[in-house]
Amino acid sequence: SRRRLYATAPPLPEWETLGFNATPTARMIRYNWSAERGWDAGESSPEFTVTIHGLSNVLHYGQGLFEGLKAFHCKDGLVRVFNSHANAARLQSGAERLAMPVVPPELFDEAVDRCIRDNVEYVPPYGYGGAMYLRPFLFGHGEKLGLGAAPHYSFCVIASPVGAYYKGGLEPIDALVVEGFDRAAPRGVGNIKAAGNYAPDVLPSILAKEKGYPVCLYLDAATQTYVEEFSTSNFIGVTAEGTVVTPTSPSILPSCTKGVVLETARRLGMRVEERPVSFDEVGGLKEVAACGTAVVLTPISSITRGGTVHSYAGFDTIATLYNAITSVQQGEANDALGITRVVAERPHDPPCRDAEAAAA
């Protein structure tokens, strides 16, 4: 069997052609937990294969969580991680819900920082619009037949460089309301980033793509009358009056990026409403976007439900918010919210594509 173990570090990718796919890096970070010792000191290893017992909780009972965040090579040559405290808090919430050992925020940051530093040469250089995508994950393992706490837990972080999602500016996409499937049940685990929440969306997403819709929109499971979220992103709307609205529900996963979007909107003088959003309101919105780590904001050009299509002609407000946040991520604007943290320094070598801008 093939194992992801490198005697030498993988070559750097071509930054110009980098997409949003898994790209090999040099090392993975792993911490192990046991009831006797708690969390160990962790290790950085070129081994990317995780070997666990066949009766592990994560395989049979779905006891697994994951996160997603990014680090950026910035205009000043520093590498900063974006909004990691929000991811640490969300992972902690998920661990408490699934009866897993909590990863303390300081351990979360330590693991993320180690992963960035040990793979720093794979952070796409400033000027290419890319980032280092970081995937922390927590899972229960060890021999266990009945339902209950696992004997062992591991917390890992893997990094992958990714390119700019939009190569030539924001590109709106069409969404389809899912009929016949629900994303999460009331009082279920839709509000945590449990691994098992995502597999049920694979089939609806395949069916939607076959009809020409890149993304699915889910309504509430109980009444099918309130907006919940897109397949892997939160819902953001802009009313005719310019108010930024986003749905609230115990079943919605709280997007770390959405928190930044809403705070940025408030700082820009926009009115923000966090409240239940009836699907009846969707047709009256001026703009709609999907919000998440991978893209920050994706404009939605239309939402189709049955034979009804709601179209959105522009996305000026979404673009303003997108540009404000990505400027902070790239170190081109002041981090007024205090959500970035310097992890490493990496000179512009080779010089970034926009060398004059980096030196300005």
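The values are calculated or read from the model by the stated rules, or taken from the named source; none is laboratory data. Bear in mind the structure is a predicted one, so any value in this text is a computation, not a measurement. Cβ coordinates were reconstructed from backbone atoms using ideal geometry, including for glycine residues, and neighbour counts include every protein chain displayed. Protein only, heavy atoms only, side chains kept; ligands, DNA and RNA dropped before computing areas. Shrake-Rupley method; radii C 1.70, N 1.55, O 1.52, S 1.80 Å.
Table for the structure above
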{"quantity": "Residue among Ala164, Ala184 that is crowded, with 18+ Cβ neighbours inside 10 Å and in contact with a Phe, Trp or Tyr (Cβ under 9 Å, 6 or more places away or on another chain)", "calculated": "Ala184"}
{"quantity": "Segment 184-202, residues that are touching a Gly at 6+ places or on another chain (Cβ under 6 Å) and not hydrophobic (A, V, I, L, M, F, W, C)", "calculated": "Lys193, Gly196"}
{"quantity": "Some residue of segment 36-56 being among the aromatic types (Phe, Trp, Tyr) and within 30 Å of Pro347 (Cβ to Cβ)", "calculated": "yes"}
{"quantity": "Checklist (1) free of Cβ contacts under 8 Å to residues at least 12 places away in the same chain; (2) out of contact with any strand residue (DSSP E or B) (no Cβ under 8 Å at 6 or more places or on another chain) applied to Asp40, failing item", "calculated": "(2)"}
{"quantity": "When residues of segment 342-351 are limited to those that are in contact with a strand residue (DSSP E or B) (Cβ under 9 Å, 6 or more places away or on another chain) and either at pLDDT 95 or above or open to solvent by 40 Å² or more (accessible area, probe 1.4 Å) (or both), the one farthest from Val245 (Cα to Cα)", "calculated": "His348"}
{"quantity": "Considering residues of segment 7-29 that are of a type in the set (A, V, I, L, M, F, W, C) and closer than 18 Å to Glu43 by Cα only, the residue most open to solvent (accessible area, probe 1.4 Å)", "calculated": "Ala7"}
{"quantity": "Cross-chain or 6+ apart pairs with Cβ under 9 Å, segment 299-314 first and farther than 16 Å from Glu171 by Cβ, then open to solvent by 60 Å² or more (accessible area, probe 1.4 Å) and part of a strand (DSSP E or B)", "calculated": "Ile303/Val309; Ile303/Ser311"}
{"quantity": "Total residues in segment 223-252, condition touching a Cys at 6+ places or on another chain (Cβ under 6 Å), open to solvent by 10 Å² or more (accessible area, probe 1.4 Å) and without any contact (Cβ under 8 Å) to a residue 60 or more places away in the chain", "calculated": "1"}
{"quantity": "Unique residue being small (Gly, Ala, Ser), more than 30 Å from Gly146 (Cα to Cα) and touching a residue at least 24 places away in the same chain (Cβ under 8 Å) when the list is Ser45, Ser84", "calculated": "Ser84"}
{"quantity": "Options Asp118, Asp220: the member that is buried (at least 19 other Cβ atoms within 10 Å of the Cβ), farther than 30 Å from Gly54 by Cα and without any contact (Cβ under 8 Å) to a residue 40 or more places away in the chain", "calculated": "Asp220"}
{"quantity": "Which numbered condition Ser34 fails, given (1) open to solvent by 30 Å² or more (accessible area, probe 1.4 Å); (2) in contact with a His (Cβ under 7 Å, 6 or more places away or on another chain)", "calculated": "(1)"}
{"quantity": "Residue list for segment 117-160, restricted to those being among the hydroxyl-bearing types (Ser, Thr, Tyr) and in contact with a Leu (Cβ under 9 Å, 6 or more places away or on another chain)", "calculated": "Tyr122, Tyr128, Tyr133, Tyr153, Ser154, Ser160"}
{"quantity": "Long-range neighbours under 6 Å by Cβ, at least six apart or interchain, first residue under 10 Å from Val244 (Cβ atoms) within segment 262-286, second part of a loop (DSSP other than H, G, I, E, B) and open to solvent by less than 40 Å² (accessible area, probe 1.4 Å)", "calculated": "Arg271/Thr243; Glu273/Thr243"}
{"quantity": "Selection from segment 95-151 of residues that are among the basic types (Lys, Arg) and more than 22 Å from Ala164 (Cα to Cα)", "calculated": "Arg97, Arg114, Lys144"}
{"quantity": "Flag for Leu78 being within 29 Å of Val295 (Cβ to Cβ) and not charged (D, E, K, R)", "calculated": "yes"}
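Yes/no per residue for (1) at pLDDT below 95; (2) acidic (Asp, Glu); (3) in contact with a Gly (Cβ under 7 Å, 6 or more places away or on another chain); (4) over 29 Å from Phe230 (Cα atoms):
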site: Arg305; (1), (2), (3), (4): no, no, no, no
site: Tyr322; (1), (2), (3), (4): no, no, no, no
site: Ile325; (1), (2), (3), (4): no, no, no, no
site: Asn334; (1), (2), (3), (4): no, no, no, yes
site: Thr340; (1), (2), (3), (4): no, no, no, no
site: Arg353; (1), (2), (3), (4): yes, no, yes, yes
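Yes or no, residue by residue, for (1) over 21 Å from Ala71 (Cβ atoms); (2) open to solvent by 20 Å² or more (accessible area, probe 1.4 Å); (3) part of a loop (DSSP other than H, G, I, E, B); (4) in contact with a helix residue (DSSP H, G or I) (Cβ under 9 Å, 6 or more places away or on another chain):
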site	(1), (2), (3), (4)
Val288	yes, no, no, yes
Cys291	no, no, no, yes
Leu297	no, no, no, yes
Ser301	yes, yes, no, no
Thr304	yes, no, no, no
Val309	yes, yes, no, no
Ala313	yes, yes, yes, no
Ala324	no, yes, no, yes
Ser327	no, yes, no, no
